[in-house]
Amino acid sequence: MMHKPYARRLSVALASVFAIAAAFAPTASAGILVESATDCEDQSLSRPFLPWLDAAQYTLAPGGDAESDDGWDLSGGAGVVSGNEPWNVTSSGDSSSMGMPAGSSATTGAMCVGLEHPTLRFFARSSGAGLFSALRVEVLVEDKLGVIDDLTLGYVTPGSWSPTPAYLVTANLLPLLPGSHTPVAFRFTPQGSGNWRIDDVYVDPYGRH
């Protein structure tokens, strides 16, 4: 049986340990994705990939129609160029796409997704791409400390205009915003030689069908 004085000393010691641990525990810190994410409740849904037998409901990523550079973080010569994907799934009046030469990258603005099974899909084409060329697709996710992590979702192989596969956002999503939402952004980076174009970047934010 534990003596009472010893028990009291042990309780005081444990309380001190817990207090010290709490004092040095990391606290949540909003980073750039949380601060710049668009309104989670203000997402217009549509089925742009229905002609390809994909009935999922998608919302356009910030600047996803690539009609201007607005909403994009661009480097290495990436930028909007003339020529839309041929099906004009967003608007019949669209006339541009995002051009990315070798050595460049293009990153969407931050947007909200749910914690279920968000997916990403878009249109892509390449020109002058070599045998080992590809377009890397990444998701950028912010952790509770405000640190931005990146995770490769997959690669697009060279070819003419076509819809890409639906890339599952398999990142460890944290509910950093109300309603179990989290902010993400998507980065596209050519690998190897050649030029790439992407257009009409859509996200199924909650895995709904």
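The values are calculated or read from the model by the stated rules, or taken from the named source; none is laboratory data. Just so it is clear, the structure is predicted and the values come from calculations on it, not from any experiment. All Cβ positions, glycine included, derive from the backbone under ideal geometry; neighbour counts span all protein chains shown.
If I filter the range 128-155 down to residues being touching a Phe, Trp or Tyr at 6+ places or on another chain (Cβ under 8 Å) and within 21 Å of residue 193 (Cα to Cα), which single residue comes out as surrounded by the most Cβ atoms within 10 Å (Cβ to Cβ)? Break it down stepwise before answering.
Residues of the range 128-155 that are touching a Phe, Trp or Tyr at 6+ places or on another chain (Cβ under 8 Å), as a first pass: 129, 134-140, 153-154.
From what is left, the residues that are within 21 Å of residue 193 (Cα to Cα) are 129, 134-138, 153-154.
Numbers: 129: 21, 134: 19, 135: 24, 136: 15, 137: 21, 138: 20, 153: 19, 154: 16.
Once the filter is applied, the top-ranked residue is 135.
Which ones in the range 104-127 are in a loop (DSSP other than H, G, I, E, B) and at pLDDT below 95? Spell out how you get there, then give the answer.
Initial filter on the range 104-127 (in a loop (DSSP other than H, G, I, E, B)): 104, 109-110, 115-118.
Passing the criteria: 109, 110, 115, 116, 117, 118.
Among the residues of the range 46-64, which ones are of a type in the set (A, V, I, L, M) and touching a residue at least 40 places away in the same chain (Cβ under 8 Å)?
Result: 55, 56, 60, 61.
Please verify whether the range 201-209 includes one or more residues that are surrounded by fewer than 20 Cβ atoms within 10 Å (Cβ to Cβ) and acidic (Asp, Glu).
Checked against the condition, which is being surrounded by fewer than 20 Cβ atoms within 10 Å (Cβ to Cβ) and acidic (Asp, Glu), the range 201-209 yields no hits at all.
Here's a check for you: in the range 163-209, which residue that is charged (D, E, K, R) and modelled with pLDDT of 90 or more is farthest from the chain's Cα centre (by Cα)?
Residues of the range 163-209 charged (D, E, K, R): 187, 197, 199-200, 204, 208.
Filter once more, keeping what is modelled with pLDDT of 90 or more: 187, 197, 199-200, 204.
On the way: 187: 7, 197: 18, 199: 15, 200: 14, 204: 11 Å.
If we take residues in the range 163-209 being charged (D, E, K, R) and modelled with pLDDT of 90 or more, then 197 is farthest from the chain's Cα centre (by Cα).
Got at least one residue in the range 113-133 being over 26 Å from residue 183 (Cα atoms), hydrophobic (A, V, I, L, M, F, W, C) and out of contact with any Pro (no Cβ under 7 Å at 6 or more places or on another chain)? Break it down into steps so the answer makes sense when it comes.
Taking the range 113-133 first, the residues over 26 Å from residue 183 (Cα atoms) are 125-133.
In the following step, the residues that additionally are hydrophobic (A, V, I, L, M, F, W, C) were identified as 129, 131-132.
Retained after the next criterion (residues that are out of contact with any Pro (no Cβ under 7 Å at 6 or more places or on another chain)): 131-132.
Yes, there is a match, as at least one residue in the range 113-133 is over 26 Å from residue 183 (Cα atoms), hydrophobic (A, V, I, L, M, F, W, C) and out of contact with any Pro (no Cβ under 7 Å at 6 or more places or on another chain).
Which one of the conditions (1) buried (at least 17 other Cβ atoms within 10 Å of the Cβ); (2) among the charged types (D, E, K, R); (3) within 17 Å of the chain's Cα centre (by Cα) does residue 70 fail to meet, given that it meets all the rest?
Among (1) buried (at least 17 other Cβ atoms within 10 Å of the Cβ); (2) among the charged types (D, E, K, R); (3) within 17 Å of the chain's Cα centre (by Cα), residue 70 violates only (1).
If you take the residues of the range 182-201 that are touching a Leu at 6+ places or on another chain (Cβ under 8 Å) and not hydrophobic (A, V, I, L, M, F, W, C), which of them is farthest from residue 108 (Cα to Cα)?
Applying the first criterion (touching a Leu at 6+ places or on another chain (Cβ under 8 Å)) to the range 182-201 yields 182-191, 196, 198, 200-201.
Among the residues that remain, those that are also not hydrophobic (A, V, I, L, M, F, W, C) are: 182-183, 187, 189-191, 200.
Values: 182: 15, 183: 12, 187: 6, 189: 12, 190: 15, 191: 18, 200: 11 Å.
Among those residues, the one meeting the criterion is 191.
If you check every pair at least six apart or on different chains, which have Cβ atoms under 6 Å apart with a residue in the range 65-89 that is touching a residue at least 40 places away in the same chain (Cβ under 8 Å) first and a residue that is of a type outside the set (Phe, Trp, Tyr) and in a loop (DSSP other than H, G, I, E, B) second?
Cβ pairs passing all conditions: 65/90; 65/94; 84/94; 84/95; 89/48.
Would you confirm whether any residue within the range 42-55 is at pLDDT below 90 and either surrounded by 10 or more Cβ atoms within 10 Å (Cβ to Cβ) or at positive phi (or both)?
yes
Here are the criteria: (1) aromatic (Phe, Trp, Tyr); (2) within 21 Å of residue 49 (Cβ to Cβ); (3) at pLDDT below 95. Tell me which single one residue 132 does not satisfy.
(2)
Quick one: would you say residue 152 is part of a strand (DSSP E or B), farther than 15 Å from residue 106 by Cβ, of a type outside the set (A, V, I, L, M) and in contact with an Asp or Glu (Cβ under 9 Å, 6 or more places away or on another chain)? Walk me through how you get there before you give the answer.
Values: part of a strand (DSSP E or B): yes; farther than 15 Å from residue 106 by Cβ: yes; of a type outside the set (A, V, I, L, M): yes; in contact with an Asp or Glu (Cβ under 9 Å, 6 or more places away or on another chain): yes.
Spelling it out, residue 152 is indeed part of a strand (DSSP E or B), farther than 15 Å from residue 106 by Cβ, of a type outside the set (A, V, I, L, M) and in contact with an Asp or Glu (Cβ under 9 Å, 6 or more places away or on another chain).
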